[in-house]
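Report on the following structure.
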Amino acid sequence: MEICFVASECSPFIKVGGLADVVGSLPQALTRNGAHCCVVVPLYKKINDNYGHQLTYLGEYPVDINYTQRIVKVMGMDKDGVTYFFIQHAGYFEREGGIYGFMDDGERFAFFQKAVMELFRAINYWPDVIHCHDWHTGMIPCMLKENYWYDSRYNRMKTVYTIHNLAYQGNFPKSMLDSCLGLSFRLFDNGNVRFDGGISFMKTGIVYADKVTTVSPNYAREILTSEYGEHLDQVLMMRGSDLWGIVNGIDTSVWNPTTDNHLAYNFDRENWQEGKAANKAALQKQLGLDEDPHCFVLGMVTRLVDQKGIELVIQQMDEIVKMPMQLVILGNGNAEYERILTDCENGNKGKICFYNGYNEPLSHLIYGACDGFLMPSKFEPCGISQLISMRYGTLPIVRETGGLKDTVNPYNMFNGDGNGFSFYQYDGLDMKEAIWRALAVYYDVPQHWTNLVYHALDTDVSWDHSAGIYMDLYHNLGVW
Ligand code: ADP
Ligand code: GLC
């Protein structure tokens, strides 16, 4: 079974959010289940800077775009049983300043997808399944069926399209069909790729893939409603039983408090209390928080975007500063959120810390050091951060939405059951009450808190179960 993952992010090479965590760890889990996996991503500048010397040149070939031809090179690397292919084109991918948010993102990812379609022929590699992830790869199932059907080597391939976030859709003018994608306007006229007067990479992936998945069963149900469907609920409904919700796991060897060298003190189930104390002390010192070993520390590691419920935190800040706790937020994104959170820190030094940026080592220390981890998301397809938190004995406080609902079992005050805390309404007061519930258990019922931490540490956040479901899904495609 040969599976080819295609995505715009892949840890440890390039990461913006949870997509990278998934693409960087699910293939290894599938390998343990007997599949062989390749991963194709663009060769961004950061990858070239950090890994360029480890890559092998595998070939080059022309790709049509904007009525001209551009040459791409393919670079390769084997790591942990997985083969990585990097599509190199300096003009499109080796730019300064992040990997998204350029005026020509549509053209860049159209080019990437065309280059992937030609890659198979260029290096004579013929996977059984192309597994595409998010809008950046949504046109591949369509290109395969519309433009390559006549070639039996392509014709036998099946496609899976995984939606990590329905809110980012890749919607562009219809002219791109001809100029960048090499697809017929017929597909606009018949509605297959049409969306809101233009074309949608996301919709096209949903329409054309043999199977569509998303990253938790609850989100799979939610996106069939107008509240969460981002105007694609009707299209998703048409896919009926081809839409699967499979919950994410994490790489438990990368995220492992026993070996994590970004922690000040490694710990396991036996000595988690010592571990928390030592890491908390290190975090407080590093970030200039009051060095109080008894104070509850609440963490957030997040992209600062509407999805994540940052507005609820800002709205409740006056209350939060009065609570018996410290708050650490690591994140970047929306400039207005960054400005407000900087002000919050400035007015509450020692109690609130906002670290503005993307910082992987610090994220590990936060997961290891905090007592609670806050995710008041407006919507959350799965969420990786709450899984990491539990792995580090840090109890998630989450809104009951998407995958947060599937993965966090809220505290039951009567029998002490649960591995975190939750609230239902997207509302600041409800969030504040959930934080208070956590504080009350932490300070007043320490035995229950200890049990909750054990439940969190014992929660299976690995890929073991979900990788088996992906294997079933691939078998369902009828290739073998
Ligand atoms: P999303 O993919 O929507 O951003 P997830 O919870 O699925 O949310 O995944 C977020 C991932 O990105 C986690 O691994 C988290 O630790 C990481 N992350 C987010 N923001 C930062 C940051 N500022 N610095 C370091 N890591 C971050
Ligand atoms: C997206 C979602 C997040 C999910 C991640 C990985 O970024 O926002 O909820 O965990 O993809 O699937």
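Taking the criterion of being within 22 Å of Leu429 (Cβ to Cβ) and either hydroxyl-bearing (Ser, Thr, Tyr) or touching a helix residue (DSSP H, G or I) at 6+ places or on another chain (Cβ under 6 Å) (or both), the residues of region 387-403 that qualify are Leu395, Pro396, Ile397, Val398, Thr401, Gly402. Across region 386-416, the qualifying residues are those that are touching a Cys at 6+ places or on another chain (Cβ under 7 Å) and among the small types (Gly, Ala, Ser), and the one among them that is nearest to Leu452 (Cα to Cα) is Gly403. So, Ile366, is that one among the hydrophobic types (A, V, I, L, M, F, W, C) and within 16 Å of ligand 2 (Cβ to nearest atom) or not? No: the conditions fail for Ile366. Screening Val398 against (1) touching a Pro at 6+ places or on another chain (Cβ under 6 Å); (2) crowded, with 21+ Cβ neighbours inside 10 Å; (3) farther than 18 Å from Trp255 by Cα; (4) of a type outside the set (Ser, Thr, Tyr) leaves a single unmet condition, (1).
On the stretch given as region 159-183, residues that are in a loop (DSSP other than H, G, I, E, B) and either within 16 Å of ligand 1 (Cβ to nearest atom) or of a type in the set (Phe, Trp, Tyr) (or both) total 6.
Within region 1-25, which residues are assigned to a helix (DSSP H, G or I) and in contact (Cβ under 8 Å) with a residue 24 or more places away in the chain? I'd like the intermediate steps shown before the answer.
Initially, region 1-25 is screened for residues assigned to a helix (DSSP H, G or I), giving 18-23.
Passing the criteria: Gly18, Leu19, Asp21, Val22, Val23.
Would you check if there is a residue in region 377-392 being away from ligand 2 (no atom under 16 Å from the Cβ) and either assigned to a loop (DSSP other than H, G, I, E, B) or surrounded by fewer than 24 Cβ atoms within 10 Å (Cβ to Cβ) (or both)? Yes, region 377-392 contains a residue that is away from ligand 2 (no atom under 16 Å from the Cβ) and either assigned to a loop (DSSP other than H, G, I, E, B) or surrounded by fewer than 24 Cβ atoms within 10 Å (Cβ to Cβ) (or both).
If a residue must be farther than 14 Å from Asp343 by Cα, part of a helix (DSSP H, G or I) and hydrophobic (A, V, I, L, M, F, W, C), how many such residues does region 311-329 contain? Residues in region 311-329 being farther than 14 Å from Asp343 by Cα, part of a helix (DSSP H, G or I) and hydrophobic (A, V, I, L, M, F, W, C): 2 in total. You will find that of Glu345, Glu380, Glu336, the residue that is free of Cβ contacts under 8 Å to residues at least 12 places away in the same chain and within 29 Å of Ala167 (Cα to Cα) is Glu336 and no other. Is at least one residue of region 184-192 surrounded by fewer than 17 Cβ atoms within 10 Å (Cβ to Cβ), in a helix (DSSP H, G or I), assigned by TED's automatic domain parsing to the domain that holds Trp135 and modelled with pLDDT of 95 or more? Scanning region 184-192, I find at least one residue that is surrounded by fewer than 17 Cβ atoms within 10 Å (Cβ to Cβ), in a helix (DSSP H, G or I), assigned by TED's automatic domain parsing to the domain that holds Trp135 and modelled with pLDDT of 95 or more, so the answer is yes.
The values are calculated or read from the model by the stated rules, or taken from the named source; none is laboratory data. On a predicted model such as this, the values are computed, not experimentally measured, just so you know. When we count neighbours, we look across all protein chains shown, and the Cβ atoms used for this are built from the backbone with ideal geometry, even at glycine.
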